[in-house]
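The values are calculated or read from the model by the stated rules, or taken from the named source; none is laboratory data. In this text the structure is predicted, and so the values were computed from the model without any measurement. Cβ coordinates were reconstructed from backbone atoms using ideal geometry, including for glycine residues, and neighbour counts include every protein chain displayed.
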Amino acid sequence: MNATSEKILLVINDPDVTDLVGRQALQPLGYQVKAVTDVNSAILQAVQLTPDLVIADLNLPGLSGKDLLVAFNSQGMQVPVIVLARQGEENDVIQAFRLGASDYLLSPVREAELVTAVERALKQVRDRRDRQRLDQQLKDTNQELKQRLHELTTIFAIGKAVISVTDQQVLFDKIVESMVDVAEADYGWLLLRHERSRTFLLTAHHNLPETWSRKMGQTLDDGISSLVGLSGESLAINGEPLKRFKVASLGHSAVVVPVKVQQEVIGLLVTVRKADRPVEKGTQSLLEAIADYASISLVNAHLFRALEDAAEQARSGEQKSLSQLEEIRQAVEADILPVTYPIDLLLTGKMGALTSEQEQALKTTQAALQKVLQRVISQRSDEAGKTPNTE
């Protein structure tokens, strides 16, 4: 802290001593000095001014400097106090130290000794504040790391679900629940485009009120999703601008993320917060990653159905041509490999900077996953192309 921003409260009844300490010694050094003459005024000023240091005479009319220390202790005020004493008042000084005084000066006060004592006391204040600031930074960093870990765990869980959950409705429910969790939202829902009508239908939701949730399988007009359906770009909105949309009846902050396949919007993910708190850029990026997974799950479901149809035709004697099977294999490869999306996301740097060791470990894991997935894809393509056994 700069000296010009440090405040010192003088509690001295002698105007000559006040002038010496305040005007002559401390103010030229840039300190902000406030002077009072009694304990009651000192307590009021201490509350209003929140001084960094108090210099108090032990001998004051009415309540003494020791009474001031007692009052500070009772109020839990952690402000250092330098007491001014006279020769022969050693016992009073000892009592003042027991009550929490940080230092003392004997009258007549020498300017050099005063400045040294003030600097010594304020250095302790600065050091304590630095420790408190570092402690707070550490707590904030730990909290951020916990949040990042939670978000990544959620993303990995969705990736695992995409390749392991066969019931698509269960998968959609999990995606919406994870989306609400990541966004720290109160409501969330997924709208998917109907192939024939080209309208978006409510397919899954989390915590929607009954008047909204009973629209399952039907068109849900929230007043905002249609804009994203047309633009294909994520939209985050909160506060006054949101009030013009129907979704404002649920909360004061919303974000809509498109689910796209080959740049075509096939679905919409929507989250709403009751609080008027904008969605952070990092959170929006995570929601877009979840939307990518929703897209992968939809494409994979379509491709797996194509593979099953091909295998069924092969078992019934209708051979798929090698070129057709190769097309299926390439399509599956192109759309299943994004199960490594969390690793890809980390490597882009969007989730924060990586050390060279972390980057190398992720790249090694990415390469290993790609080999395993390629082997699985090849096996499935081979199985789909086999002719039925006629022996």
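What about G251, is it in a loop (DSSP other than H, G, I, E, B) and in contact with a strand residue (DSSP E or B) (Cβ under 6 Å, 6 or more places away or on another chain)?
Against the criterion (in a loop (DSSP other than H, G, I, E, B) and in contact with a strand residue (DSSP E or B) (Cβ under 6 Å, 6 or more places away or on another chain)), G251 qualifies.
For region 117-132, state whether one or more residues are under 23 Å from P15 (Cα atoms), touching a residue at least 24 places away in the same chain (Cβ under 8 Å) and of a type in the set (K, R).
no
I'd like to know if region 228-244 contains one or more residues that are farther than 26 Å from A157 by Cα, at pLDDT 90 or above, part of a strand (DSSP E or B) and not β-branched (V, I, T).
Yes: one or more hits.
Taking the condition of being acidic (D, E) and over 17 Å from L10 (Cβ atoms), how many residues in region 78-111 meet it?
Of the residues in region 78-111, 3 are acidic (D, E) and over 17 Å from L10 (Cβ atoms).
I need the full set of residues from region 72-92 which are under 50 Å from the mean Cα position of the chain (by Cα) and under 13 Å from N59 (Cβ atoms), in order please.
V83, L84
Residues being under 15 Å from S226 (Cα atoms) and either surrounded by fewer than 15 Cβ atoms within 10 Å (Cβ to Cβ) or not assigned by TED's automatic domain parsing to the domain that holds S225 (or both): count how many of those fall in region 244-270.
Residues in region 244-270 being under 15 Å from S226 (Cα atoms) and either surrounded by fewer than 15 Cβ atoms within 10 Å (Cβ to Cβ) or not assigned by TED's automatic domain parsing to the domain that holds S225 (or both): 3 in total.
I'd like the residue in region 271-290 that is surrounded by fewer than 16 Cβ atoms within 10 Å (Cβ to Cβ) and of a type in the set (K, R) and, out of all such residues, is farthest from L235 (Cα to Cα).
Across region 271-290, the extreme among qualifying residues is K274.
Is it the case that some residue within region 24-32 is at pLDDT 90 or above, more than 17 Å from V125 (Cα to Cα) and of a type in the set (S, T, Y)?
no
Which residues, counting only those in region 194-231, are over 17 Å from F245 (Cβ atoms) and either buried (at least 18 other Cβ atoms within 10 Å of the Cβ) or hydrophobic (A, V, I, L, M, F, W, C) (or both)?
Matches in region 194-231: L201, T203, A204, H205, H206, M216.
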